[in-house]
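Only one structure is covered here, and it is reproduced in the block below.
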């Protein structure tokens with residue numbers, strides 16, 4: 001059995017993976033330039049270095065049996081070299097490279113016959129190309145976008161001046177009645193574990209996941225189709241690791257793939273409390289060479305992101321923690337980020353209850369109480 005896991009990045013995803021690895025007898029070594037990163041204190045060891053630092057990646061490979069990533073912006077060429085030298089890397093560096101470029105990701109969907117919205121690469125300064133494609137549309141930067149950054153929604157030509165100037169593409173704005181996400185774990189030998197689809201409610205101002213609800217409010221047939229499509233995407237991409245597949249549900253109940261993340265995903269954090277095996281438990285199992293666990297979710301659950309409050313910056317302060325934890329079914333996860341900035345993802349809380357209505361009521365009550373902000377007013 002593999003024992004020593006290496007992770008590129010020491011953020012909150014590595015922080016939440018660590019206890020699952022330890023519980024199964026493994027060790028976790030992280031690579032990160034920040035000695036105070038969220039996972040730094042919990043990891044068994046840390047290699048200091050940047051995510052693209054070839055020497056640091058080689059040093060990590062020398063200390064571990066397998067490597068994974070908690071972000072896409074990593075040195076894929078260096079990872080390919082250590083993989084070719086004998087240290088497995090999951091997901092494969094080539095797949096990380098394909099996914100992190102959202103244009104090549106969309107092109108892969110088209111090539112594989114996976115349903116997705118129409119798209120085209122554009123020169124951002126060519127207004128005619130936008131007009132010819134047709135509004136409303138969504139412009140996405142090819143690389144570097146995350147948590148709502150690198151995305152501009154244009155409902156009409158009047159929005160064109162707000163365009164991104166970096167290399168990008170445009171896609172049809174989907175008139176979706178719902179957005180779903182499905183977590184999929186896949187082992188090197190092709191064993192898959194697929195989680196219950198979750199319904200995503202996005203904050204319209206931050207374009208960031210605001211509330212997640214599971215089970216999603218869809219019928220059984222659509223639920224099965226969503227799980228099947230998510231598994232198909234990961235399998236056709238020959239993915240090994242943990243993946244978050246984001247889907248649009250149209251008004252006539254057609255499913256379109258929006259994006260995929262080759263790592264643990266915000267939309268799977270509820271699984272820590274809600275599922276027999278969490279997304280991090282599945283990730284630990286597949287990296288350690290162990291069988292995947294059950295994804296059964298006995299009760300409804302919700303998740304709310306804790307985002308740095310507007311108008312405050314500096315050392316992190318939390319208000320309302322005791323009151324929030326007094327609400328039945330609430331579990332709070334603070335990511336240990338010393339510096340809080342407006343809009344920064346600082347933690348999350350989950351809620352588990354006997355009914356969807358109770359989950360939503362308790363989540364809204366906790367959200368109204370719990371505030372995370374910087375110490376200094378801006």
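The values are calculated or read from the model by the stated rules, or taken from the named source; none is laboratory data. Everything quoted here is computed from the prediction, not taken from an experiment. Heads up, the Cβs are rebuilt from the backbone with ideal geometry, glycines too, and the neighbour counts pull from every protein chain shown.
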Checking residue 204 against (1) farther than 17 Å from residue 244 by Cα; (2) modelled with pLDDT of 95 or more; (3) out of contact with any strand residue (DSSP E or B) (no Cβ under 8 Å at 6 or more places or on another chain), the condition it does not meet: (2)
Might you let me know whether the stretch 30-51 holds any residue that is surrounded by fewer than 17 Cβ atoms within 10 Å (Cβ to Cβ), touching a helix residue (DSSP H, G or I) at 6+ places or on another chain (Cβ under 9 Å) and part of a helix (DSSP H, G or I)? no
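Given the structure, is residue 184 in contact with a helix residue (DSSP H, G or I) (Cβ under 9 Å, 6 or more places away or on another chain), more than 30 Å from residue 81 (Cβ to Cβ) and in contact (Cβ under 8 Å) with a residue 12 or more places away in the chain? Working first, answer last.
Details: in contact with a helix residue (DSSP H, G or I) (Cβ under 9 Å, 6 or more places away or on another chain): yes; more than 30 Å from residue 81 (Cβ to Cβ): no; in contact (Cβ under 8 Å) with a residue 12 or more places away in the chain: yes.
Taking the combined requirement at face value, the residue does not satisfy it.
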Residues of the stretch 1-18 satisfying the condition of being part of a helix (DSSP H, G or I) and touching a residue at least 60 places away in the same chain (Cβ under 8 Å): 12, 13, 15, 16, 17
Which of the residues spanning the stretch 241-262 are assigned to a loop (DSSP other than H, G, I, E, B) and touching a helix residue (DSSP H, G or I) at 6+ places or on another chain (Cβ under 9 Å)? 253, 262
Taking only the stretch 266-279 into account, find how many residues are surrounded by fewer than 24 Cβ atoms within 10 Å (Cβ to Cβ) and either within 12 Å of the chain's Cα centre (by Cα) or in the same structural domain as residue 29 (by TED's automatic domain parsing) (or both). 1
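Assess whether residue 116 counts as being closer than 30 Å to residue 137 by Cα and in contact with a helix residue (DSSP H, G or I) (Cβ under 8 Å, 6 or more places away or on another chain). Steps first, answer last, please.
Numbers: closer than 30 Å to residue 137 by Cα: yes; in contact with a helix residue (DSSP H, G or I) (Cβ under 8 Å, 6 or more places away or on another chain): yes.
Taking the combined requirement at face value, the residue satisfies it.
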How many residues, within the stretch 205-233, are in a helix (DSSP H, G or I) and either over 16 Å from the mean Cα position of the chain (by Cα) or more than 24 Å from residue 350 (Cβ to Cβ) (or both)? 13
Restricting attention to the stretch 186-194, does a residue exist that is in a loop (DSSP other than H, G, I, E, B), within 22 Å of residue 118 (Cα to Cα), in the same structural domain as residue 268 (by TED's automatic domain parsing) and more than 16 Å from the chain's Cα centre (by Cα)? no
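So that you can scan it fast, the table gives a plain yes or no per residue for (1) surrounded by fewer than 17 Cβ atoms within 10 Å (Cβ to Cβ); (2) in contact with a helix residue (DSSP H, G or I) (Cβ under 7 Å, 6 or more places away or on another chain):
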| residue | (1), (2) |
| --- | --- |
| 297 | no, yes |
| 322 | yes, no |
| 328 | yes, yes |
| 331 | no, yes |
| 340 | no, no |
| 350 | no, yes |
| 354 | yes, no |
| 359 | no, no |
| 362 | no, no |
